[in-house]
Amino acid sequence: MTYTYETLEVSVDDDGIATLLLNRPDALNSFTVTMAVELERFFLDVASDDAVRAIVVTGAGRAFCAGMDLSAEGNVFGLDETLSPTPADVAGDRLYDEPVNTGVRDTGGKVTLAIHACPKPVIAAINGPAVGIGATMTLAMDLRLASTKARIGFVFGRLGIVPEAASTWFLPRIVGIQQALEWVYSAEIMTGEQALAGRLVRSVHEPEDLLEEAYRLARSFVVGRSPVALALAKQMLYRNSAADHPLEAHRADSLAMWHASVGDGKEGVAAFLEKRDPVFTGKASETPEIY
């Protein structure tokens with residue numbers, strides 16, 4: 001599959017590790033409606049591309065993403081100011097009907113929902129400033145690594161707007177409600193070390209080491225691993241951790257274990273007994289339904 005975009009650059013190495021580069025360096029990779037559309041399309045497309053096993057997201061130049069491009073004409077968030085939406089307008093499947101879909105739905109949320117649905121590991125390598133949507137888009141990614149030059153901020157309060165990109169679902173699950181509230185209330189910009197102390201990022205690295213560590217992690221997740229088992233495990237961890245009773249996890253576990261045991265699990269057991277590396281043939285694009 002070929003990935004060609006205006007605001008993004010994509011490359012894939014021999015191990016199936018895709019590098020997704022936010023590529024507006026002259027504007028500090030600031031987020032536009034075009035970038036939103038392209039990011040959503042990339043993550044929806046890559047979900048079914050079995051040549052890609054994991055994704056590392058980073059920014060071109062000295063920034064990761066400096067937030068929304070506020071220089072755009074009209075409503076800078078791409079929303080239709082002629083509408084007067086109500087909760088009923090976004091209820092159920094009406095969320096996807098026009099004019100709500102293009103005129104009311106948060107563009108950042110469309111991106112993070114696509115990232116969340118991607119059945120492959122997604123790693124953010126935060127190489128510089130990541131504020132507003134530049135911070136919240138990373139919350140849907142599975143791990144966040146930061147450079148010593150990273151500056152991260154949930155700065156919405158400074159602009160009189162609210163956290164978006166479904167971040168009020170993701171952020172408390174990552175750092176806890178108290179820390180999430182403090183960061184959103186204060187709207188302050190933090191260093192990578194402060195983000196690490198608050199458990200937002202996994203680790204902090206010197207700029208020259210950041211991508212190397214992100215790629216090392218990505219390879220450790222996918223080389224010699226079953227893409228199907230990985231996709232199932234990702235679904236189960238996110239969904240079952242939000243279930244109201246462990247019985248719901250048991251339902252999913254049971255289906256997933258059955259499918260795995262008659263699929264790549266057979267090869268995994270045989271390889272273990274024969275003391276050799278497994279050769280898994282399952283495809284993430286053919287992951288069975290367990291929910």
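Out of the residues in the range 63-74 that are touching a residue at least 40 places away in the same chain (Cβ under 8 Å) and of a type outside the set (A, V, I, L, M), which is most open to solvent (accessible area, probe 1.4 Å)?
Checked the range 63-74; the qualifying residue most open to solvent (accessible area, probe 1.4 Å) is D69.
Looking at this structure, is T102 surrounded by fewer than 21 Cβ atoms within 10 Å (Cβ to Cβ), more than 30 Å from D26 (Cα to Cα) and β-branched (V, I, T)?
Numbers: surrounded by fewer than 21 Cβ atoms within 10 Å (Cβ to Cβ): yes; more than 30 Å from D26 (Cα to Cα): no; β-branched (V, I, T): yes.
Against the criterion (surrounded by fewer than 21 Cβ atoms within 10 Å (Cβ to Cβ), more than 30 Å from D26 (Cα to Cα) and β-branched (V, I, T)), T102 does not qualify.
Go through (1) touching a Leu at 6+ places or on another chain (Cβ under 8 Å); (2) closer than 14 Å to T138 by Cα; (3) in a helix (DSSP H, G or I) one by one and return the number of the condition E38 breaks.
Only one criterion is unmet by E38, namely (2).
Sort out for me the strands (runs of 3 or more DSSP E) sitting completely within the range 116-175 that have 1 or more residues that are among the hydrophobic types (A, V, I, L, M, F, W, C) and over 20 Å from V37 (Cα atoms).
122-126, 143-147, 151-153
So which of Q178, Q235 is open to solvent by less than 90 Å² (accessible area, probe 1.4 Å) and either part of a helix (DSSP H, G or I) or of a type in the set (S, T, N, Q) (or both)? Step through it out loud before you land on a result.
On the way: Q178 fails: open to solvent by less than 90 Å² (accessible area, probe 1.4 Å).
Every option except Q235 fails the conditions.
Going through the range 134-155 one residue at a time, which ones are among the hydrophobic types (A, V, I, L, M, F, W, C), open to solvent by less than 10 Å² (accessible area, probe 1.4 Å) and within 25 Å of L237 (Cα to Cα)? Full working, then the answer.
Initially, the range 134-155 is screened for residues among the hydrophobic types (A, V, I, L, M, F, W, C), giving 135, 137, 139-141, 143, 145-146, 150, 152, 154-155.
Checking the rest, the ones that are also open to solvent by less than 10 Å² (accessible area, probe 1.4 Å) come to 135, 137, 139-141, 145-146, 150, 152, 154.
A135, M137, L139, A140, M141, L145, A146 - these are the residues of the range 134-155 that are among the hydrophobic types (A, V, I, L, M, F, W, C), open to solvent by less than 10 Å² (accessible area, probe 1.4 Å) and within 25 Å of L237 (Cα to Cα).
Criterion first (under 26 Å from V162 (Cα atoms) and either assigned to a strand (DSSP E or B) or among the aliphatic types (A, V, I, L, M) (or both)) does V57 satisfy it?
Details: under 26 Å from V162 (Cα atoms): yes; either assigned to a strand (DSSP E or B) or among the aliphatic types (A, V, I, L, M) (or both): yes.
Taking the combined requirement at face value, the residue satisfies it.
State which residue pairs qualify: first residue in contact (Cβ under 8 Å) with a residue 60 or more places away in the chain and open to solvent by 100 Å² or more (accessible area, probe 1.4 Å) and inside the range 269-281, second residue of a type in the set (K, R) and assigned to a loop (DSSP other than H, G, I, E, B) in any location, beta carbons under 7 Å apart, and separation of 6 or more residues or different chains.
Pairs found: none.
Looking at the range 215-222, is at least one residue exposed (fewer than 14 other Cβ atoms within 10 Å of the Cβ), closer than 30 Å to D264 by Cβ and not β-branched (V, I, T)? Can you show your working first?
Within the range 215-222, the first condition is being exposed (fewer than 14 other Cβ atoms within 10 Å of the Cβ), and the residues that meet it are 216, 220.
Next, only the ones that are closer than 30 Å to D264 by Cβ stay: 216, 220.
Narrowing further to those that are not β-branched (V, I, T): 216, 220.
Yes, that holds for at least one residue.
Within the range 19-62, track down each residue that is open to solvent by 40 Å² or more (accessible area, probe 1.4 Å), in contact (Cβ under 8 Å) with a residue 40 or more places away in the chain and in contact with a strand residue (DSSP E or B) (Cβ under 7 Å, 6 or more places away or on another chain).
L28, A51, R53
Pairs under 7 Å by beta carbon, first residue under 17 Å from A166 (Cβ atoms) and hydrophobic (A, V, I, L, M, F, W, C) in the range 82-107, partner open to solvent by 100 Å² or more (accessible area, probe 1.4 Å) and modelled with pLDDT of 95 or more, six or more apart or different chains?
As it stands, the answer is V100/R94, since those pairs meet every condition given.
The values are calculated or read from the model by the stated rules, or taken from the named source; none is laboratory data. As the structure is a computational prediction, the values presented were derived from the model and not from experiment. Cβ coordinates were reconstructed from backbone atoms using ideal geometry, including for glycine residues, and neighbour counts include every protein chain displayed. Keep in mind that these areas ignore ligands, DNA and RNA; they rest on the heavy atoms of the full protein, side chains included. Shrake-Rupley method; radii C 1.70, N 1.55, O 1.52, S 1.80 Å.
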